[in-house]
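Read the structure below first, then the notes.
FYI, it's all coordinate maths here, none of it is from the lab. It should be emphasised that the depicted structure is a prediction, and the values quoted were computed from it without experimental measurement. When we count neighbours, we look across all protein chains shown, and the Cβ atoms used for this are built from the backbone with ideal geometry, even at glycine.
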Amino acid sequence: MKAYIGTDLEGVAGVVTFYTQTSPGGTGYEAAKRLLTGEINAAVDGLLAEGVSDILVCDGHGPGAVHYESLHPAAKLLHGRPLAPRDVRDAVVREYDICLMIGQHARAGQPLANMNHTQNSQSVDSYHLNGKPIGEIAQFALYQGALGLPLVFLSGDEEACREAEELIPGIRTAAVKRSLSRNSAISLSPAKAHELIREGVADAIRRQRENPLSPLAWPGPFVLEKRFFHTDTADAAADAPGAERVDGQTVRLRGDDIRDLIYR
């Protein structure tokens, strides 16, 4: 079994506040990168304990957030900005059997979820796919699902874990912080968070061998509605090929292949 790990920063224990911890130049950014990398390394340990030795980590936070020098020696890192085109990356990801998410947050608008947002925290109000609200968990799971990879494990705040469990019944999750508000949470210690992730990942692999989850797939055709906070952002999005302006703040996109649509 070969494992592909998608990462983000806002779902990591100890990372609870935007900008100071999630943006380059922020006073807590370098420390946040090390916290994320510690959780990634715990996941790698869990995979290794169950015999998974080919592990690729994708640095998925906007400007990048993996502390390369601290990365587990058994992991490889897909990184760089901008990342390679998706068709190039897809050819690599297809070589893997399962995927995991580390450091994930809940979708925009979840009332208690710490650091909730979808894609751009400064411009996006919500995404809906075929009428259902979605966030970055569904985006990742559906895209990798189209490549043949089931999402078998996720770590993040309690609300992100709940979102993943509703999306993919049977997924194994590890909640490393309790959300109180968008910029406040109760975090576990790094050591405890690492323990939960390590044990949860190992359990996810055992479950996958015994009763495998299938790649997430929704029937098409697909309609993606993106609602923005401001009309000028919608103006720019409406200029994309095939985009339809719904109202002052909303743009609609249509497609038959989820990979062509979900990250537009």
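Hey, got the Cα dimensions of the chain along the principal axes, in Å, largest first?
Extents along the principal axes: 51, 39, 32 Å.
Taking other Cβ within 10 Å of each residue's Cβ, how do 1, 115 sort, fewest first?
1, 115
Which whole number in µm²/s is D for segment 219-264 by Stokes-Einstein, with the Kirkwood Rh taken over Cα pairs at 10 °C and 1.306 mPa s?
149
Kindly write out, for segment 137-144 in residue order, the coupling ³J(HN,Hα) from the Karplus curve 6.51 cos²θ - 1.76 cosθ + 1.60 (θ = phi - 60°), rounded to whole Hz, with x marking Gly and Pro.
So the J values, rounded to whole Hz, are 5, 5, 4, 5, 5, 6, 5, 5.
What is the fewest-to-most order of 161, 99 by other Cβ atoms lying within 10 Å of their Cβ?
Exposure proxy ranking, most exposed first: 161, 99.
Which ordering of 112, 9, 78 is given by a fewest-first count of other beta-carbon atoms within 10 Å?
With the sparsest Cβ surroundings first, the list reads 112, 78, 9.
Classify segment 105-166 from the C-alpha gyration tensor, please: rounded if a/c falls under 1.5, else prolate or oblate depending on whether a/b exceeds b/c.
It comes out oblate by the Cα gyration axes.
Comparing 194, 117, 67, which has the greatest mean-square fluctuation in the GNM of the chain with Cα pairs linked when under 10 Å apart?
Of 194, 117, 67, the Gaussian network model singles out 67 as fluctuating most.
Using the Kirkwood radius built from alpha carbon pairs, what does the Stokes-Einstein equation give as D for segment 115-219 at 37 °C and 0.692 mPa s, in µm² per second?
221
Evaluate the charge dipole of segment 165-235 about its Cα centre and quote only its size in Debye, nearest 20, assuming +1 on the Cβ of each Lys and Arg and -1 on the Cβ of each Asp and Glu.
320
For segment 146-201, what size does the Cα cloud have along each of its three principal axes, sorted from largest down, in whole Å?
Each principal axis gives a Cα extent; for segment 146-201 these are 35, 24, 17 Å.
So, in Å, what gap is there between the alpha-carbon centers of segment 132-171 and segment 220-249?
Result: 24 Å between the Cα centres.
Using the Cβ atoms and a cut-off under 12 Å, what net charge is assigned to the surroundings of residue 175, where Lys and Arg are +1 and Asp and Glu are -1?
Local charge sum for residue 175: 0.
Any idea how far the Cα center of segment 69-94 sits from the one of segment 12-37, in Å?
Rounded to whole Å, the Cα centres lie 21 Å apart.
Please state the charge dipole magnitude for the chain, taken about the Cα centre, from unit charges on C-beta atoms (+1 on K and R, -1 on D and E), reported in debye and rounded to the nearest 20.
Dipole about the Cα centre, nearest 20: 140 debye.
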